[in-house]
Amino acid sequence: MKNVVKAALTVSFLVAASSSVNAQTADPAHLSLAAGYKATFTCSAYFNAGRSVEEINGDELNRIYPGYRDALASLPDAVINEKKKTVSVQYTDDFPPRISAWRPYLGCAQLPTGATSKAIKKLPSARVKQKRDLSRPLPEALSEDAGFGAAIDKAFDRATYGEATDTTAVLIVRNGAIIAEQYREGFDQETPQRTWSVAKSIAATVIGAAVHDGVIDIDDEAGLAAWSAPGDPRGDITVANLLNMSSGLDSGPAGNRTDDVYLGGGRVVDHAITRRLIATPDTRWTYANNDTLIAMRALREKMDDDKNYLAFPFERVLHPLGMNHTFLETDWNGDFIMSSQVWTTVRDLARLGLLYLGDGVWEGARIIPEGWAAFVASPAKNQPPLQRADGSLIGGYGAQFWLFDERHGLPAGTYAALGNRGQHLVIIPSRNMLIIRRGFDDNGGARFDIVAFARDVLAALPQ
């Protein structure tokens, strides 16, 4: 393959637009975000997941946030550099392109807007001593009359559990063994996808490991240097407040949109920890990517050793579990973007779920503290509303996990990691089960009904 591959990634269902940079009339700030979207998603899908340009065109860059569709379609071809493992997207004649660069373990990081490829050598890297162990597959049940084949088939029909949904994988684990596994064409057990907000639950697990090691205490103040000035009320925010989404910080009108960090090459320290306080900590629940980003930043400052910090999630959590196809991406300043930018497989997510079903013990070794599973699955003091405007039910919230029970038609104690575009890991302790679904649902509002799917799967199984 040529070192430099020019790849046309125009989204197929959008109206074709001129690729000439001179023809751009859109706001350059918006175009830079769209170019960042194209560069970073292409980089991660290409180098983390080994997906082809055609596959990226049909999935990662298809049916994205509506506000970016026209701008993305107007951009020129992305340039993939195989040798340097970079992707660049030009969006204006008189400014450097948006660039995303891949690194082992840490996946792709965006350079800041205006930076040239010379800045790539300054990106952080992870030096992981504990190498991947590829010799431990998950056990599969030798025989079990599952009885839920119809439900799994319907999960892939793009209609039964939600219009405009697109399932790529389903995996069901019972009593520690895989009892069902199915993939859409182009995916298999070693194909990672972006987790979106399922990453938050992985972040909570990393923090749990740090709690077990005595590095951090969730009842302590986050202790950020930026909040240490005398009289700064943000100094009262605890790590638990952040995990419970009750920091009291302003996160904008939509707490799930942190586009400057996700798409704009912005740093966590410039866009997350700088938010002002608008409510007393631990008095109200507000979904906020920033709370997760800040919790991980607090761990970094507590560790005060960037080399160990970047290796810690891999050496203490991912590799001991055998999560060998998982990439934890960072900003260019070395802060993990573990509110969303993690790439992993369904089987790796199953390993995470099994850790929680085992109360934090994996193959005889304790990874997270005893009782940590109960902590993340316990209702936080402050809770989201019970239902949406359309009357559909909303789950409760614990610590970076969503909570479900009989109100939703699921067994009491069910909890889940949920992410955009239909990423789901459902943990059902009372049935010793995991239900995992991945997808590329339309980002214009499609929602795969994971609760209904889980109910159907459970109904088909004997108690």
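Values computed for the structure shown
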{"quantity": "Pick from region 66-108, criterion among the hydrophobic types (A, V, I, L, M, F, W, C) and part of a helix (DSSP H, G or I), ranking: surrounded by the most Cβ atoms within 10 Å (Cβ to Cβ)", "calculated": "Leu72"}
{"quantity": "Residues within region 224-243 that are surrounded by 16 or more Cβ atoms within 10 Å (Cβ to Cβ) and part of a loop (DSSP other than H, G, I, E, B), tallied", "calculated": "2"}
{"quantity": "Candidate set from region 378-394 (those that are touching a strand residue (DSSP E or B) at 6+ places or on another chain (Cβ under 7 Å) and in contact (Cβ under 8 Å) with a residue 40 or more places away in the chain); member that is nearest to Asp219 (Cα to Cα)", "calculated": "Ala380"}
{"quantity": "Qualifying residue in region 197-204 (condition: of a type in the set (S, T, N, Q) and within 23 Å of the chain's Cα centre (by Cα))", "calculated": "yes"}
{"quantity": "Verdict on Gln189 being touching a helix residue (DSSP H, G or I) at 6+ places or on another chain (Cβ under 7 Å), part of a strand (DSSP E or B) and surrounded by fewer than 23 Cβ atoms within 10 Å (Cβ to Cβ)", "calculated": "no"}
{"quantity": "Options Arg297, Arg347: the member that is touching a Leu at 6+ places or on another chain (Cβ under 7 Å), modelled with pLDDT of 95 or more, basic (Lys, Arg) and under 22 Å from Phe440 (Cα atoms)", "calculated": "Arg347"}
{"quantity": "Conditions (1) in contact (Cβ under 8 Å) with a residue 40 or more places away in the chain; (2) surrounded by fewer than 24 Cβ atoms within 10 Å (Cβ to Cβ); (3) of a type in the set (Ser, Thr, Tyr); number of the one not met by Ser246", "calculated": "(2)"}
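The values are calculated or read from the model by the stated rules, or taken from the named source; none is laboratory data. Since this is a predicted model, take the numbers as computed values, not measurements. Don't worry about glycine lacking a Cβ; one is built from the backbone with ideal geometry, like all the others, and counts go over all protein chains shown.
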